[in-house]
Amino acid sequence: MSGIVLSASVRQNLLALQNTASLLATTQNNLATGNKVNTALDNPTEFFTAQSLNNRASDIANLLDSIGNGVQVLQAANTGLTSLQKLVDSAKSIASQVLQAPTGYTTKSSVTSAVIPGATANNLLGSSSNKFVVGSAVNNDNTTPVAITGTTRLSGTPGSSSNDLASSVTTGDTLVVNGVVFTFVAGSVSAGTNIGVGDTVSNLLAAIDSVTGATATPSSVTGGQISVATGTAQDLTISGTALAKLGLTAGTTTRNPPALSGQTLTIASTGGGVATNITFGTGASQISTLAQLNTALATNNLQASLSTTGQLTILTTNEAASSTIGAVAGSSTAASQAFNGVTASTPVADTNSQTTRAGLIAQYNNVLAQINTTAQDASFNGINLLNGDTLKLTFNETGRSTLNITGVTFNSTGLGLSALVVGTDFLDSNSANKVLTTLNSASTSIRSEASSLGSNLSIVQIRQDFNKNLINVLQTGSSNLTLADTNEEAANSQALSTRQSIAVSALALANQSQASVLQLLR
């Protein structure tokens, strides 16, 4: 071949044909592979950049399986929480039935006072010796009145309340009752503090009652004996020039307080309630009515009632029907006082009611067993976020983007719930309310964990979608660097084929001169 001499034009055409054939081969390869960069020789920068992008996309794609499993773990835990909440609600329903059931005791613990004279629902303090018979001396015992005799006897028939004052007092005499001055004036008409000497004794006493406030038990006269009454909170003081004429003596009679006035009553904590401390009376923070007493007793699971005979009974409420009233003390328990020697009775259980409650305990314990099994079954691929497991998820190929989800132990113990015991639990409303309190706390814990899991699930799903989109971005970037444009490559192939045909024709023309020489040699 080295001995063959080609003309310049032939060589030029031959090189053009070779280049065209090479380009055509490259174009056909691009069309066949779909890539414009198939090896590092084609374009080192684009080849290795695309390879890096594809490798990262592959690494992230491998993480998607783990992330998908994490989503299922969270959904399994969330499904478990939903079931646990329903079971807790079922347990609440059972405990609520205790509150709606009949009281578990036929007789509740109680204490009963002695008879309190004059006690009413609006006045537990009782009545006092608020009527004072006055004669030659002031007294308050209603037992030793001194008759008004001789010249000081009231005119008219002894014992009559309508006899007049004319034979007893004269114009100008005065009678002072609790600081109010009554003046005897001429005539038979009384007005305000002016008393007509010819008026009746009953009108005189009515005027006195208007000062002392004695309305429930007014002053009176019987057999020539004047009984002057006082109001419910007053002593009696009398003086004046008319006293001697009426057979009265100046002085002050101290009002006897009601039976419970000023007395104290304490009751120790009953059924987990707040100990009661009561002072009877009409002053600030003191107790004088049944309504006030029941308000004070309510926080200690107690209530009070008053009999028609004036006996005050304090007993436990339904909430603490199984409890015995706490120790009773205070000045009202001293000798001769209303609550002296009282002893709290022991509650008596109702057999049928307690049998019903025992059945409710069995139902409740069955629900707890289901709570335990549900918490154990809420797993996926060996991970249970309701049984104390921890889920770790990795979101990128370097392992620096992670999420750690710490599980909880939501069996009955983890939720603060414990099995109930017949004869100890569900005995009364207080014990049922105690269970309801723990169930409400468990429900709060479940809802809080559900919220936390929901937040974590949202994060994982967002990262899952992000990784899917990122893989697409990486693969698209890689494709942009290496993929061929088939339309462009097809056009190139057509153009190169045409060019190749032209080059072959040109080469043939370039060889014609040599063919002519060959013809001459022949």
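Coordinate-derived values only; no laboratory data. Since the structure is predicted, the reported quantities are computational estimates derived from the model, not experimental observations. Quick reminder, even Gly has a Cβ in these numbers, built from the backbone with ideal geometry, and neighbours come from all protein chains shown.
Under 5 Å between amide hydrogens, which residues at least 5 positions from ASN301 or on another chain qualify, with H placed 1.01 Å from N in the peptide plane?
Amide H neighbours of ASN301, under 5 Å, 5+ apart: VAL274.
Apply the Karplus parameterisation 6.51 cos²θ - 1.76 cosθ + 1.60, with θ equal to phi minus 60°, to every residue of the stretch 406-420 and state each ³J(HN,Hα) to the nearest whole Hz, in sequence, with x for glycine and proline.
Each residue of the stretch 406-420 in turn: 8, x, 10, 9, 10, 7, 4, 5, x, 8, x, 9, 9, 5, 8 Hz.
Mean projection of the alpha-carbon convex hull of the stretch 405-458 over all orientations, in nm²?
The number I arrive at for the stretch 405-458 is 4.0 nm².
Which of PHE48, PHE182 has the fewest other C-beta atoms within 10 Å, and how do the rest follow up to the most?
PHE48, PHE182
How big is Rg to Rh over the stretch 306-422, alpha-carbon atoms, Rh as the Kirkwood inverse-mean-distance radius?
Here the Rg-to-Rh quotient is 1.37.
Quick one: divide the alpha-carbon radius of gyration of the stretch 360-451 by 2.2 N^0.38 Å and tell me what you get.
1.43
Give the whole-number value, in cubic angstrom per residue, of the convex hull volume spanned by the C-alpha atoms of the stretch 340-387.
92 Å³
Sort TYR364, TYR105 so the one with the fewest other Cβ atoms within 10 Å of its own Cβ comes first.
With the fewest neighbours first, TYR364, TYR105 line up as TYR105, TYR364.
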